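Quick notes on the structure that follows.
The values are calculated or read from the model by the stated rules, or taken from the named source; none is laboratory data. Given the structure is predicted, the values throughout are model-derived calculations rather than measurements. For neighbour counting, all protein chains shown are included, and Cβ atoms are generated from backbone atoms with ideal geometry for every residue, glycine included.
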Amino acid sequence: MKRTEVRIGILLFTLAVLVLSSSSQHVSAQKDRRLHLPVMHSPERFVPGRVLVKFRNNIGLDHARQIVASLGVRAADELPATGVFVLALPEQVDEAALTHALAVRDDVEFAELDRIMSPADITPNDPWFGSWEWYLTKIGAPAAWSITTGRKDVVIAILDTGVDASHPDLQAKLVAGWNIYNNNSDTSDVYGHGTVVAGTAAAASNNAQGVASVAWDCPIMPVRISALDGTATYSAMASGLTWAADHGARVANLSYMASGSATVTSAASYFQKKGGVVVSAAGNQGIFDATADNPNILTVSATDANDVLAVWSNTGNNIDLAAPGAVYTTYRGGTYGSTSGTSVSAPIVAGAAALVLSANPALSGSQVRDILQQSADDLGAAGWDSSYGWGRVNVARAVSMAASPSTSDAVPPTVNFASPANGATVSGAAVVSISASDNVAVKSVSLSIDGVSAATATAAPYTFTWNTNAVPNGQHSLTATAQDSSGNSASVNISVLVDNVVDTQSPVITITSPKDASKVTSNVTVTVTASDNVGVSKVELYVDGNLQAASTSAPFSTKWNTAKAAKGAHTLLCKAYDRSGNAGVSQVVTVTK
């Protein structure tokens, strides 16, 4: 046997051992291979199922192809003028293991993974970029800029107090906007707030003057919604959103507390359905906002340079993301300065959304929202929490996700029940909380009970309320299913015990009028007192043993028309029922007509 053939046999045996020894971890390893969307510049990014190899010059082409075939892999291509083979691997073969095994062969010049590399970070030459604008590096903007600095057709609408059109870092960035407050085209800044916000999101950058921004090349659409004192109404916000959507904006920034308004939400839904993303500030009162999560608006809290929540930032159920809350930006009158608040956290996220859309304009508004949430740097409690939402925005990771073709996404989401636990006992209105994540974005999470679809949510937190009184006591199966934008899905099942207390207690009822032995004429109102441990649902009146009338609402009084009753004595009796069907009987009252 030739020396080369012996080595081939040893190599095949080594590969078989590697495959068998890793079989218990095969599923997770295969999944990890296909995530290939880590933080920018990670050396672990490579094309799955591919290895590059070049044989030494003394190995002929036919011989090289024979070696490749003997390894159980396929030469998918040969790079022109290089002698490098592109090997296509079966799924069960680990890329790194094969690369190492090939590299130590005497007949191989080199073997390597087909790594995916990013261009070098871009550093703008704006004087204030650096220590003054620390937040741009914190969110990974330089790495994102190596992919895109924004597209001219991804317009950011700044719904605010107007924008200073003469500012040197803004004047070339503006497209036509509208003054909602005065119903005219004058969008000049009447308060100063809008210029600060606009510069944070999309000031001209890398122009050797002033500041840098998140989305350099995305245009700014000024939409004035405020009065002279900077205040704005829900109706003006809603009108501004619909106007901006109808005039081509893909991102809208509201540096106001707006996500709790049903009116603004309706307009935000319209904006999102037209392919856009709406961003709102959480507020600066340092309070907990109990408003429910709003899937149509990204609500943003504020963090400091240490990724700690700012003491003045609001928190709440509606928080989606956090972003730095202290910036150096454009000021009205052509100047620059520092400012803080969730009013500047929001446009950082708006700029990030614009870069995501610039990297992949085909994304829908909800897909952009999901990418921003799933790519964020998780802070605080694991997963979503009411302080940081899904975490501090990471525009580098978000843009990388957006730039990767969704058709290559073969990785299903991960999904689990946060509560209740498997085997838990539940009763009454049980809260079902589901956690889900994906390498790109979660599109929806649905809950099924005993195989029947019960509810679906398209935005985190994925929390549902289950009325267990509607099902029999005993074991029940809950299924959570998460789906991503590429159609991949994953499900998890748990079993819980429903144990609601069976109500066997009957209501207590007493006739209070008319009194026993009293005389009655014409229409008689029969009044009662009725109580139950759960609740009285109905009261019936019986005259001489026959059902005469019924009442289903407190105070459960009933009427008896005595016109057709014979003269003389008659008996009255009332029955009270609860929702479980238990019945209580009153005393018998005898009256005379």
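Residues that are surrounded by fewer than 17 Cβ atoms within 10 Å (Cβ to Cβ), touching a strand residue (DSSP E or B) at 6+ places or on another chain (Cβ under 7 Å) and of a type in the set (Lys, Arg) number at least 1 in the following strands (runs of 3 or more DSSP E) confined to the stretch 506-593: 558-561. Within the bounds of the stretch 157-169, is there any residue that is within 12 Å of Pro222 (Cα to Cα), of a type outside the set (Lys, Arg) and either surrounded by fewer than 24 Cβ atoms within 10 Å (Cβ to Cβ) or touching a Phe, Trp or Tyr at 6+ places or on another chain (Cβ under 7 Å) (or both)? Checking the stretch 157-169: at least one residue is within 12 Å of Pro222 (Cα to Cα), of a type outside the set (Lys, Arg) and either surrounded by fewer than 24 Cβ atoms within 10 Å (Cβ to Cβ) or touching a Phe, Trp or Tyr at 6+ places or on another chain (Cβ under 7 Å) (or both). Would you point out the residue of the stretch 335-350, among those that are touching a residue at least 60 places away in the same chain (Cβ under 8 Å) and among the polar types (S, T, N, Q), that is nearest to Ala282 (Cα to Cα)? Per the stated criteria, the residue is Thr342. Looking at the stretch 398-410, which of its residues are crowded, with 17+ Cβ neighbours inside 10 Å and not hydrophobic (A, V, I, L, M, F, W, C)? Ser400, Ser404, Ser406, Asp409 - these are the residues of the stretch 398-410 that are crowded, with 17+ Cβ neighbours inside 10 Å and not hydrophobic (A, V, I, L, M, F, W, C). Within the stretch 73-106, the set of residues being part of a loop (DSSP other than H, G, I, E, B), modelled with pLDDT of 85 or more and surrounded by fewer than 16 Cβ atoms within 10 Å (Cβ to Cβ) comprises Pro90, Val104, Asp106. For the stretch 262-311, what are the residues that are in a loop (DSSP other than H, G, I, E, B), hydrophobic (A, V, I, L, M, F, W, C) and either crowded, with 24+ Cβ neighbours inside 10 Å or at pLDDT below 90 (or both)? If the condition is that a residue be in a loop (DSSP other than H, G, I, E, B), hydrophobic (A, V, I, L, M, F, W, C) and either crowded, with 24+ Cβ neighbours inside 10 Å or at pLDDT below 90 (or both), then Ala282, Ala290, Ala292, Ile297 are the ones that fit.
Looking only at residues in the stretch 411-436 that are closer than 18 Å to Thr479 by Cβ and polar (S, T, N, Q), the one that is surrounded by the fewest Cβ atoms within 10 Å (Cβ to Cβ) is Asn422.
Residue pairs whose Cβ atoms lie under 8 Å apart, sitting 6 or more positions apart in sequence or on different chains, and linking a residue in the stretch 483-507 that is within 30 Å of Thr529 (Cβ to Cβ) to a partner that is small (Gly, Ala, Ser) and not in a strand (DSSP E or B), are Asn500/Ser427; Asn500/Gly428; Val501/Ser427; Val502/Ser580; Asp503/Ser580; Thr504/Ser580. Against the condition modelled with pLDDT under 90, within 30 Å of Val399 (Cα to Cα) and in contact with a helix residue (DSSP H, G or I) (Cβ under 8 Å, 6 or more places away or on another chain), how does Ser427 come out, does it pass? No; evaluated as a whole, the condition is false for this residue. Answer with yes or no whether Val492 is in a strand (DSSP E or B), surrounded by 12 or more Cβ atoms within 10 Å (Cβ to Cβ), touching a Cys at 6+ places or on another chain (Cβ under 8 Å) and not basic (Lys, Arg). Taking the combined requirement at face value, the residue does not satisfy it. For the stretch 544-561, the criterion of being over 60 Å from the mean Cα position of the chain (by Cα) and aliphatic (A, V, I, L, M) is satisfied by no residue at all. Among the residues of this structure, Ala198 does not count as one that is assigned by TED's automatic domain parsing to the domain that holds Trp243 and modelled with pLDDT under 95.
A residue that is closer than 30 Å to Ala403 by Cα and among the charged types (D, E, K, R) can be found somewhere in the stretch 483-505. Across the stretch 205-238, the number of residues qualifying as more than 30 Å from the chain's Cα centre (by Cα), closer than 24 Å to Ala326 by Cα and surrounded by fewer than 24 Cβ atoms within 10 Å (Cβ to Cβ) comes to 6. Taking the criterion of being charged (D, E, K, R) and assigned to a helix (DSSP H, G or I), the residues of the stretch 349-377 that qualify are Arg369, Asp370. Residue selection: Thr329 satisfies the criterion of being touching a helix residue (DSSP H, G or I) at 6+ places or on another chain (Cβ under 7 Å), among the polar types (S, T, N, Q) and within 20 Å of Tyr191 (Cβ to Cβ).
Just to be sure before I move on: is Gln475 assigned to a strand (DSSP E or B) and modelled with pLDDT under 90 in the structure I sent? The answer is no for Gln475. Screening Ala460 on (1) surrounded by 12 or more Cβ atoms within 10 Å (Cβ to Cβ); (2) closer than 30 Å to Cys574 by Cα; (3) of a type in the set (A, V, I, L, M) shows it passes everything except condition (2).
Table: residues versus (1) outside the structural domain of Ala424 (by TED's automatic domain parsing); (2) closer than 23 Å to Gly428 by Cβ; (3) in contact with a Ser or Thr (Cβ under 8 Å, 6 or more places away or on another chain).
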residue: Asn533; (1), (2), (3): yes, yes, no
residue: Leu547; (1), (2), (3): yes, no, no
residue: Thr552; (1), (2), (3): yes, no, yes
residue: Ser580; (1), (2), (3): yes, yes, yes
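With the structure loaded, tell me whether Val431 is of a type outside the set (Ser, Thr, Tyr) and either over 22 Å from Val368 (Cβ atoms) or in a loop (DSSP other than H, G, I, E, B) (or both) or whether it fails that test. Against the criterion (of a type outside the set (Ser, Thr, Tyr) and either over 22 Å from Val368 (Cβ atoms) or in a loop (DSSP other than H, G, I, E, B) (or both)), Val431 qualifies. The set of residues in the stretch 437-453 that are within 23 Å of Trp384 (Cα to Cα) and either surrounded by fewer than 17 Cβ atoms within 10 Å (Cβ to Cβ) or without any contact (Cβ under 8 Å) to a residue 60 or more places away in the chain (or both) comprises Ser444, Val445, Ser446, Leu447, Ser448.
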